[in-house]
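Colleague: Attaching a single structure in structure tokens format; questions to follow.
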Amino acid sequence: ISGFLITSIILKEQAAETFTFSGFWMRRVRRSMPAMLVMLIATSIGGYLWMFGPSWKSLSGQIFSALGLYANIEMWQLSGNYWGPAAESAPLLHTWSLSVEEQFYLFYPLLLLILLKFTPKRVFALILCGSALSLAVGVYATEYSPSAAFYFLPPRAWELAAGCLLAIFERSRGPAPKGSISRTLALTGLLLIGAGYYLIQGAEGFPGFWALLPVVGTVLVIRFSCA
């Protein structure tokens, strides 16, 4: 969803010649920072009152990593397995995903604008190739280094890029046609998301190929749910 929305906004502003990186990042800050700061302050107060010694020191590191947008690396070093016992004692474990997302958006807008400028007809194909490479890295890493596959950007970038590709596709092809086929595909997307909820067993081979269930399902829902 994030990749779809962000890419749609960038394409719209690029076409109108109003896109700026400062404006892009100010929107990101206004969207994420207020809620994150409230959460970090509340967690800090709770940690100060109820944590001691190593636990408090660990929480301090988690807070700084969340603010510095490297929480995924911090959580990988701290807890390793996302479903393991060490992860259960990390109050800010969930901030890993925000860091992955913001790391993606550090380079993606620049890459997209460069492609639009120098090879506009191949934007979709080139991002698709990059996404396929990221998926391949994710599948390989899930087999041989599952914790890194879960936390790091290269194995997870394709999940955000799937939404980016959909936005680029819709920009050139328009919205999905209305009709029973579109409704069926939207329902199929919901079923895939639901199947992922029930079939994906955490540490057993995730993300890998299993991540295709929620990602493809979400793409279908976004594309066809309004048709």
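Colleague: With the requirement that a residue be among the charged types (D, E, K, R) and open to solvent by 100 Å² or more (accessible area, probe 1.4 Å), what does region 173-227 give you? Before you say what the answer is, go through the steps one by one.
Modeller: Residues of region 173-227 that are among the charged types (D, E, K, R), as a first pass: 173, 178, 183, 204, 223.
Across region 173-227, the qualifying residues are Arg173, Lys178, Arg183, Glu204.
Colleague: A follow-up question, please. Part of a helix (DSSP H, G or I), over 26 Å from Ala86 (Cβ atoms) and free of Cβ contacts under 8 Å to residues at least 40 places away in the same chain - does that describe any residue in region 166-176? Outline the logic, then answer.
Modeller: Filtering region 166-176 for residues part of a helix (DSSP H, G or I) gives 166-173.
Those left that are additionally over 26 Å from Ala86 (Cβ atoms): 166-173.
In the following step, the residues that additionally are free of Cβ contacts under 8 Å to residues at least 40 places away in the same chain were identified as 173.
Within region 166-176 (the criterion being part of a helix (DSSP H, G or I), over 26 Å from Ala86 (Cβ atoms) and free of Cβ contacts under 8 Å to residues at least 40 places away in the same chain), the answer is yes, since at least one residue qualifies.
Colleague: Identify all residues within region 30-60 that are β-branched (Val, Ile, Thr) and surrounded by 11 or more Cβ atoms within 10 Å (Cβ to Cβ); write none if there are none.
Modeller: Ile41, Thr43
Colleague: May I ask you to list the residues in region 77-101 that are closer than 23 Å to Thr142 by Cα and either touching a strand residue (DSSP E or B) at 6+ places or on another chain (Cβ under 9 Å) or surrounded by fewer than 18 Cβ atoms within 10 Å (Cβ to Cβ) (or both)?
Modeller: Listed by number, the residues that qualify are Gln77, Gly80, Asn81, Trp83, Gly84, Pro85, Ala86, Ala87, Glu88, His94, Ser97, Leu98.
Colleague: To continue, here is another question. Could you grab me the full set of residues in region 187-223 that are within 30 Å of Pro85 (Cα to Cα) and in contact with a Phe, Trp or Tyr (Cβ under 6 Å, 6 or more places away or on another chain)?
Modeller: Listed by number, the residues that qualify are Ile200, Gly202, Ala203.
Colleague: Would you please name the residue that is most open to solvent (accessible area, probe 1.4 Å), looking only at residues in region 7-29 that are within 18 Å of Ser99 (Cα to Cα) and out of contact with any Pro (no Cβ under 8 Å at 6 or more places or on another chain)?
Modeller: Filtering region 7-29 for residues that are within 18 Å of Ser99 (Cα to Cα) and out of contact with any Pro (no Cβ under 8 Å at 6 or more places or on another chain), the one most open to solvent (accessible area, probe 1.4 Å) comes out as Met26.
Colleague: Which pairs have Cβ atoms under 9 Å, sit 6 or more apart or on different chains, and link a residue in region 134-152 that is under 19 Å from Ser97 (Cβ atoms) to one that is of a type in the set (Phe, Trp, Tyr) and surrounded by 23 or more Cβ atoms within 10 Å (Cβ to Cβ)?
Modeller: Ser134/Trp158; Leu135/Trp158; Val137/Trp158; Gly138/Trp158; Ala141/Phe150; Thr142/Phe150; Phe150/Trp96; Tyr151/Trp96
Colleague: Then there's this: Name the residue, out of Tyr198, Tyr151, that is closer than 22 Å to Ile73 by Cα and of a type outside the set (D, E, K, R).
Modeller: After applying the criteria, what remains is Tyr151.
The values are calculated or read from the model by the stated rules, or taken from the named source; none is laboratory data. All figures in this text were calculated on a predicted structure; none of them were measured in a lab. Please note: Cβ atoms are built from the backbone with ideal geometry, for glycine as well, and neighbour counts cover all protein chains shown. Side chains are part of the model used for accessible areas, which takes the heavy atoms of the whole protein and leaves out ligands, DNA and RNA. Shrake-Rupley method; radii C 1.70, N 1.55, O 1.52, S 1.80 Å.
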